[in-house]
Structure formats: structure tokens, C-alpha cells
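Read through the structure below, which is laid out as C-alpha cells, and then see the notes.
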């Protein structure tokens, strides 16, 4: 196949970012683009002097003008190319998540060098999200390859549910929708097994693609330290941390969330595992709940809030929110108790989050003894040249 992609010219500022390894080219770095180039077409990015920098799908409506697929000028972006990338992504999961292939993220966009594509697996259901105009045009081929790779390995997959109800698609000029690909008449609910816990997953209405897979290994860390402890899981959602604490034979577990729907789902998960008598479900605003806690009431407090910021503009407001809940938690935990503190916002960078924790500890008059620092689960790999792939921060401290 002959390789002949149209070229677009990038500014010197954009060159600096791409030379550092960035895989996105932004609109404000676009200097020249042939008006005949079609939306979603493959293009080569070059400098004013003709130096090649990368190839990817162009998005004429998005701020992310090109999501780079390859930085090899000789590489042809065809079915063979995508088959190789998808196979590599699957082989990676078989290596790092071999025991969890039926409930894991199979493809994590940029981190798997497949920008704009996320595919999660819940038993026999795959759940996809496409946020690239170019990928949307070839999704039939992409889905066919994914299913072929899995089935050739003996994996039982019945269908693909599209959770394309994400706001970023509007910025790409794509419609938002959700439903089974090719209108398959399949269930939208299933029960996964996460480290021995049975969990209900609703791929149609659940958060993200149905469940928060990225905290899988972190929830297990709580299970290992929960024995005989009094634990409260704040922002509990459907009870992931609370269930693991109960599974770890905690003395008493409280699951706190503002959403009654989430708590009801958490209770159903508890019943599924015969743990309903070990967990108390409390509907409350977590900020208010923490303000009313008495000292020494709990041995472990988990803070796993939703993203307090989804842009750089609101980072300071988020910083204040994180500091408030962490400071209050540090003040009420008993001496020798444990704080689990998380942030799932990539805009709340690690250095800033740690600065917040230090300030909160100083103002609460406690010392933090680090137990563990981790990030997202291994099926959500981090590409060191793409900061955007690193978002989850997970800390366990003993309070002394």
C-alpha cells in the first residue's frame, strides 16, 4: 500500500511539545492546513522546514487537532497496524492482569498508543468509548479486530455496548448516545468477580463504563489492613472500599454517600456477598458528616471523592475542598489510625496534592507516617510521555 498522507504544519511551540513525547497536537499550534483536508483524515505533522513529527487523525472541530498514532514516517496506518496495537494491548493485560481478564480495561487510549479509544470488559460484555472523529469512522474495523483477538484466545465475548454518552464527543463533532453495537439483544447488567468479591455492574447506567475498575488493587490494600478495625468509607458510591473492609473482617464498617441510589446499589452488593450485616449505609453529605464525627470514632477513614476539578481553572477551589476533608479526617482519627486519601483528577497534580496533605497535617497537628503510595490499577497504564494518562493518586498514612 502506498503511503501518501497530506501534511499540516505545526508551530515551533508545538514542535517543542511533540519532541518531548506528547501525542496530542493542539489547534493553537496549527500554522498551515490545506482546506481540502477532510475531517477525520490521516495527516502527517511537519515543521516549517519539512521535518516529520507524527501521523494521526485530524479533527477539524476539536481543540486537540491531531491525536498521534505513530511517529514513524514509514508506518502505514491500516488494518494490520491496528491489529498489532490491539494485540499488544491485550497481551499486556494478560501479563499484568491475568487473573482479572473478565473485568479489566482492555484498551486505555493514549497509554496503549490507541488515542481516543477506551474498551472495558465485564464478563461477556465489552464497553467502548470513542472520543476521536477519525476512529469513529473506522470503528467497524476496530471492533472486528478486538473481538477476533479475544475469541482467538478463547475468551467468551457476546457483544459491545457503546457508552458514547461522553461530553468530549461533542467537541469532536460526534453525537452522544449509548446502546449495543448493531442492536444486539443482550443484558446490560452482569456480576463481576473482583478479588473474590461479587459486584453488580450496570453498563448502561453505571458510572464511567459501568464501574470504577481503576481502584481494584487499591481496594484490596484496604482489605489487608482492615481486620478488627472500625472503618468509614466516605464518598462510598456503590461500596467498593466498604465491601473490601468488611471482607477483611473489619469490626464495623460505615458506607457514606450523598446518593441514595448509590447506597442502595452498595447494599445490593453487600447482600450478594452476605456482608449486609457488617456494613451500615448512611446517606449524608460527606463534608457535613466529617464535621460531626467524634474523635477516635474510627480507626480507618477512606476519602475517595469524585474529581473536585476537571480543568486547571478550578484547581485552587479543588485544593481547598481536598484540604478541608483531609484536615477534618486527620483531626478525628485516633492516634495510630489510618487515613486513605485519593484524588482522581489529573489536574490536581501529585506535587500539589502532597502539598495539600502536608498543610492539612500541619494544621491538624498530626504527623503522617506513609504506609503506601500507589496510582491507578495496572490495566490503566501510565505513558510517561503523556501526563494525561496519569490521574489517580492513592495514599495510605498512619496518623501519629
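Give the span of the chain's Cα atoms along each principal axis, as three whole-Å numbers ordered largest to smallest.
69, 48, 34
Just want the ordering: 393, 20, 61, from fewest to most Cβ atoms lying within 10 Å of their own Cβ.
Final ranking by Cβ density, sparse to dense: 20, 61, 393.
Does the stretch 135-211 come out rounded, prolate or oblate by the C-alpha gyration tensor, with a ≥ b ≥ c the root eigenvalues, rounded set by a/c under 1.5 and, if not, prolate when a/b is larger than b/c and oblate if not?
oblate
Given only helices, namely DSSP H runs of n ≥ 4 each adding -39500 (n - 2.57), what is the per-residue ellipticity at 222 nm of the chain, to the nearest 500 deg cm²/dmol?
Helices in the chain give a 222 nm mean residue ellipticity of -9000 deg cm²/dmol.
Considering only C-alpha atoms, what is the centroid distance from the stretch 1-40 to the stretch 148-168, in Å?
31 Å
Ranking 177, 133, 5 by Cβ neighbours within 10 Å, fewest first, what do you get?
177, 5, 133
Which of 24, 17, 384 has the fewest other C-beta atoms within 10 Å, and how do the rest follow up to the most?
The order, fewest Cβ neighbours first, is 384, 17, 24.
Is the C-alpha gyration tensor of the stretch 75-210 telling us rounded, prolate or oblate? Criteria: a/c under 1.5 is rounded; beyond that, a/b larger than b/c is prolate, otherwise oblate.
Oblate shape, in that a/c is at least 1.5 and b/c is the bigger or equal ratio.
Any read-out appearing in this document is the output of simple, stated calculations on the displayed coordinates, not a laboratory observation. Since we're looking at a predicted model, the values are computed, not measured. In this analysis, Cβ positions are derived from the backbone assuming ideal geometry, glycine residues included, and neighbour counts consider all displayed protein chains.
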